1. Can Ile182 be described as within 22 Å of Phe138 (Cα to Cα), away from ligand 2 (no atom under 16 Å from the Cβ) and modelled with pLDDT of 95 or more?
2. If you take just the helices (runs of 4 or more DSSP H) that sit entirely in segment 84-190, which of them hold at least 1 residues that are within 16 Å of ligand 1 (Cβ to nearest atom) and surrounded by 17 or more Cβ atoms within 10 Å (Cβ to Cβ)?
3. So for segment 266-286 (the condition being in contact (Cβ under 8 Å) with a residue 40 or more places away in the chain, under 30 Å from Gly169 (Cα atoms), out of contact with any strand residue (DSSP E or B) (no Cβ under 9 Å at 6 or more places or on another chain) and among the hydrophobic types (A, V, I, L, M, F, W, C)), does at least one residue qualify?
4. Across segment 8-45, what is the total count of residues that are away from ligand 2 (no atom under 16 Å from the Cβ) and within 19 Å of Ser203 (Cβ to Cβ)?
5. Any idea which of (1) buried (at least 24 other Cβ atoms within 10 Å of the Cβ); (2) of a type in the set (D, E, K, R); (3) under 29 Å from Glu163 (Cβ atoms) is the one Glu13 doesn't satisfy?
6. Sort out which residues of segment 53-86 are polar (S, T, N, Q) and within 16 Å of ligand 2 (Cβ to nearest atom), and write them in order of number.
7. Being modelled with pLDDT under 90 and closer than 30 Å to Leu178 by Cα is true for just one of Met310, Met288. Which residue is that?
8. Can you tell me which residues in segment 27-43 are farther than 26 Å from Ile301 by Cβ and either without any contact (Cβ under 8 Å) to a residue 12 or more places away in the chain or touching a Lys or Arg at 6+ places or on another chain (Cβ under 7 Å) (or both)?
Amino acid sequence: MVEISVVLPVYNEEQNLKELYARLSETLRQLTNAYEILFVNDGSNDGSLAIIKNYSSTDSRIKFISFTRNFGHQNAIAAGIQNARGNAVITMDADLQDPPELISDMHRYFTEGYKVVYARRLSRPGESSFKRFTAKAFYRLMKRITAIDIPIDTGDFRLIGREVAMKLGEMKEANKFLRGQIAWMGFTPKFIEYERPGRKHGSTKFTIKRMTRFAIDGITSFSNFPLQIATFLGFLFSIVAFILILYSLNSKYILHQVVTGWTSLMVSTMFIGGVQLLCIGIIGEYIMRINNDVKRRPSFIVEESNINDMS
Ligand code: UDP
Ligand code: MG
């Protein structure tokens, strides 16, 4: 029987692992003897895997899953949750931005009956103002255009109970957005608050490109609002077009004053072209999701693990 599982996605974190392992084990030991730490190596090309395997050879509570290549943060967390055996499953970053010491409080709320406990960032001094601004804007937008309520200023540092973890495993979507999926389930959450420090070592793996992809995944998996915008634009411009058609016919057949009109033609062609491409792009995003889902490929491939009955 395992009481607490801690799932850690790892992508080139060799410099952070030692302190992480020490602080995490210390915190967990004070709570229970029945814990496991599950590292998910997401295709690191530094010494991370060797370090993790070294820990697992001396400490039977250390489990690891190593992917064949980089499958991304969300897939790494999902793989960990799927294979965690604990009554409480905690996910956190491996770069020490999520302080392991907070687990005590999170676990206390779990024992009081909460099935989802989030760590909420009060401030994020270690991160750029650009990242803070875009993150805030994104969650405000999500709140407006989706029916689910993703708690503002939380990330993937959270505790979920066994049944929540099982339900999460049943959601087979290819492009995962776990914070949305968990909010969607609707369990009453509890929050603990903390100041989020900067990274200890190394640099962020979330480039602007990855962040944009993540944001689009979040929006398209939980909202059809962009499609409604496309429909709305279609209606709007149809009305404008109808008025312009009447105007043109009137100019030609009633007023007999047709002018060359190069500028107006150019402007309207370009404008309609732009709107059409935008709408096709929006539809394309949804088709991409459908495409990824119908292929039913596994979301990760495991190269190596010390878990016997992996799922
Ligand atoms: N990570 C991962 N796969 C990736 C990118 C990141 O497993 O493709 C891990 C990374 O090692 C870290 C966590 O996910 O433990 C969060 O990544 P990062 O600190 O780069 O994100 P940020 O804190 O800047 O949002
Ligand atoms: Mg980080």
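The values are calculated or read from the model by the stated rules, or taken from the named source; none is laboratory data. Everything quoted here is computed from the prediction, not taken from an experiment. Using ideal geometry, Cβ is built from the backbone for each residue, glycine included, and neighbour counts are taken over all protein chains shown.
1. When the stated conditions are applied, Ile182 passes them.
2. Of the helices (runs of 4 or more DSSP H) lying wholly inside segment 84-190, those with at least 1 residues that are within 16 Å of ligand 1 (Cβ to nearest atom) and surrounded by 17 or more Cβ atoms within 10 Å (Cβ to Cβ) span 103-111, 129-145, 178-185.
3. Within segment 266-286 (the criterion being in contact (Cβ under 8 Å) with a residue 40 or more places away in the chain, under 30 Å from Gly169 (Cα atoms), out of contact with any strand residue (DSSP E or B) (no Cβ under 9 Å at 6 or more places or on another chain) and among the hydrophobic types (A, V, I, L, M, F, W, C)), the answer is yes, since at least one residue qualifies.
4. Adding up the residues that qualify gives 4.
5. So the condition that Glu13 fails would be (3).
6. Once the filter is applied, which keeps residues that are polar (S, T, N, Q) and within 16 Å of ligand 2 (Cβ to nearest atom), segment 53-86 yields Asn70, Gln74.
7. The match here is Met310.
8. Arg29, Asn33, Tyr35
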